[in-house]
Structure formats: C-alpha cells, structure tokens
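The values are calculated or read from the model by the stated rules, or taken from the named source; none is laboratory data. Please read all numbers here as calculations on a predicted model, not as lab measurements. As a convention, Cβ positions derive from the backbone with ideal geometry for all residues, glycine included, and neighbour counts pool all protein chains shown.
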Amino acid sequence: MPHHSARKPLPWILFMVILVAWITPAQADSWVVYYADKEPETRFESYDLIVFDSLYHPPLERLKERGKTILGYLSLGEVENHRHHFQVVKDQGMLLMENKNWPGSFFVDVRNPLWTAMVIETLIPELLQRGFHGIFIDTMDNPGYLEDLDGKLYKGMRQGGIDLIKAMHRHYPDIPIMLNRGFDLLEALLYDVDMVLAESIRSHYDQKTKVYTLTPDADYAATTAQLRRFKEIRPRLGLYSLDYWDPSDTRGVAAIYRQQRDHGLTPYVSTMELNQVFPEPKP
C-alpha cells in the first residue's frame, strides 16, 4: 500500500537528523565566541557554532532557527563574584582563594561533591532552559595549576576535575560539550567532551605589557602535536582555536587563521574582552 512506502524511510530520516545534529557541533567550519549582548543577530550569520555568555547574550531563538549551534558559558574551575550562584557557593564552603590575575574571581574546590551537585542539578538545567544547545566549559586549567602549586593541600584536584566532567556527560549524554584547554585532563575525557578549544596557543595578550605576543614556535608545535594525538585517538573530536591579536593588523590576524587551519583547527581571532565580533579578514 502506498502510504506504507511513504512512511518507511522515516526512521532513516530521523536517524540522519539525529546524526547530523550530533556531528555538526564537533565539525563546524566556522565559530565565534562573544560575551556581550550589543551585537545584532545578523553579525553571527556566517558562523556555524557560537559560544555566548550564559546571561548576557543576543536572543537565541532566531539564531537557532537558522541552524546555529549555541553553547552557554560555564566556569567550572572558578566563580566570579557577580554570578548569581556565587553567594551559595561561598556559603557552602566550596571556594578557595581569589585568583590574583582576575580580581573578583575565586577558585573552586572541584573535589567537593556539593559543587558537582550544583553543576548537575542547577547550573546546567538553567542553561538548557534558557535555550542553549550545550555547554562551553572554562577554567579547567585551574585544578592542575592548584595541584602543582601545593600537592598536599590540593591533592586530587585533577581527578576531581575529571570526575566532574564525566558526571556532566553521564547526566547529559546528548548535549554538545566544548572544553577550553584542560589539556592535562583531556586524555581521560576524550569520550566525555565533543570539542576542545585551544585558547591562546598561537598568540595571546600580555596583561602586564599590554602587548599582543606570538607563542614561541616550539611551544606551539608541542601543543598542536598533542592535539593531533588526541584527534588520532578520537577522530570525531572537534578541535578549535581562540587567539588574541590586534584586529587592525589584518595580515597578522590572517596569518593566525592560516596557521591554525594548517594544524587542523577551526580558528577564531578576537580581543581579550570578547565583546565584539571580528570577521576573518578577506584574502
């Protein structure tokens, strides 16, 4: 009967839709990160993957209708004092000392099960309810930094960070997750995150000298080799880069885009504030 044959391909179509939805975030050709709410939605038209601040961002619905994948910012290794959950985290004894490089931002003890519970039961549901597709994880270099700073006091911080992200994936297996750096944790998390962001591996902004600086070639080569190895272990892992450079130096910006693509990363170049959208310079 004709209506049976018309319905028959539906499971296959649904499978393809699910497959495309799952693969697209990891394989996006272009991406942008923007932590403000002033830019019009049209500024994001050319990007497949977008990372926004969880609170201050342009409206999501039209961008989602246009097929964009949108991730919401979530700092797991520290909490800023302007975040709505700061007081609860402080009162429940999850905070450590202030990050001197970022006044008003405090390290979190990622070993604390109360923090895991807050992330799983409160912070991620809030992001998803706001309309984000998935999560952008930040500040996960902190656990290793603290454990190296004082191996006795902060023993188990790396493992705590690994356990936290594994718990996120276990509770939310179908949402895309991008991890910013955290390279010392990544080997244990290759199947718990979909994308890795290599921030500032080619260039960075020196806060003290107020100068944009290229990373030494040897350091850059070592990091990209490490990322290639991760990709060989899990070929579906999406690799992205975020570098900081003077936007008026279009040749310098173009060179960073070219070098990062040559190493298999999807690049974006901006300023430290991440409060403007800077399109890639045209050739």
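Data overview
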{"quantity": "Residue in segment 35-46 that is surrounded by 14 or more Cβ atoms within 10 Å (Cβ to Cβ), among the aromatic types (F, W, Y), modelled with pLDDT of 95 or more and under 23 Å from P173 (Cα atoms) present", "calculated": "no"}
{"quantity": "Wholly enclosed strands (runs of 3 or more DSSP E) of segment 188-283 bearing at least 2 residues farther than 30 Å from R170 by Cα", "calculated": "203-206, 211-214, 238-244, 266-270"}
{"quantity": "Test set (1) touching a residue at least 12 places away in the same chain (Cβ under 8 Å); (2) touching a His at 6+ places or on another chain (Cβ under 8 Å); (3) among the hydroxyl-bearing types (S, T, Y) - S200 fails condition number", "calculated": "(2)"}
{"quantity": "Residue within segment 165-183 that is crowded, with 21+ Cβ neighbours inside 10 Å, touching a residue at least 40 places away in the same chain (Cβ under 8 Å), out of contact with any Cys (no Cβ under 7 Å at 6 or more places or on another chain) and more than 18 Å from V51 (Cβ to Cβ) present", "calculated": "no"}
{"quantity": "Test result for Y172, under 18 Å from the mean Cα position of the chain (by Cα), within 20 Å of F132 (Cβ to Cβ), aromatic (F, W, Y) and modelled with pLDDT of 95 or more", "calculated": "yes"}
{"quantity": "Given (1) farther than 15 Å from M97 by Cβ; (2) touching a helix residue (DSSP H, G or I) at 6+ places or on another chain (Cβ under 7 Å); (3) part of a loop (DSSP other than H, G, I, E, B), index of the condition L164 fails", "calculated": "(3)"}
{"quantity": "Any hit, segment 223-244, residues being aromatic (F, W, Y), closer than 26 Å to S54 by Cβ, touching a residue at least 60 places away in the same chain (Cβ under 8 Å) and buried (at least 22 other Cβ atoms within 10 Å of the Cβ)", "calculated": "yes"}
